[in-house]
Amino acid sequence: MNLFKNSLIVAIRSLNERRVPAHPQRWRRRIAEESGSTLVEFVVTSSLLLMIIFGILDGSRALYFDHYVCYSAEEAVRYAMVRGSTWNNATCTSTYTESCTATSANVTRLIQAITPMGSASDLTVTTTWTGKTPSGGTCSAKGINNSPGCVVQVQVSYSFNFVLPFLPKNTLPLTSTSSVAITQ
């Protein structure tokens, strides 16, 4: 019984030592302790670092799609350049567009077929045959604007959406226009 009484007294004394100090200087000392500050610094630093890394990745995606828009405008105008009115005058009957005269719908299908991981619904392709030569003169033979020597112009637009929540919610419009004289 005496042993139990002694252990109880030791336990009560240890509890009394753990009590909040009444003296203000002791309070300041306890507040100034830095236990746990390393964890807080790690959380703040790592979250900032991850935001920067993912921001760079999303910015890289935007640059990739900008490059894609430029490439697809050039590819579309090349397609239309060699498939003018004198090429073979065949109209397309399927989605395979290699053997027919270029139309606006064919050029759009070509670009949508090479669209990378983005959505083709965010893509707009506008093909125009201006009826003018590169120097500005008229070139329409019998009212046909896609005859050799005429200029074909393709504008490709893509609405890029950022994925990350801390980047702007607005879409970034990416647009490229390419034009060239028709050869066939």
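At pLDDT 80 or above, in a strand (DSSP E or B) and surrounded by fewer than 16 Cβ atoms within 10 Å (Cβ to Cβ): which single residue out of PRO173, PRO134 fits that description? Step through it out loud before you land on a result.
Working: PRO134 fails: in a strand (DSSP E or B).
Result of the check over PRO173, PRO134: PRO173.
When we screen SER72, SER46, SER37, SER60 for residues that are under 30 Å from the mean Cα position of the chain (by Cα) and farther than 24 Å from LEU172 by Cα, the only hit is SER46. Restricted to helices (runs of 4 or more DSSP H) entirely inside the stretch 1-117, those with at least 3 residues that are at pLDDT below 65 are 2-18, 24-32.
The values are calculated or read from the model by the stated rules, or taken from the named source; none is laboratory data. Everything numeric in this text was worked out from a predicted model, so none of it was measured. Ideal geometry is used to build each Cβ from the backbone, glycine not excepted, and the neighbour counts take in all protein chains shown.
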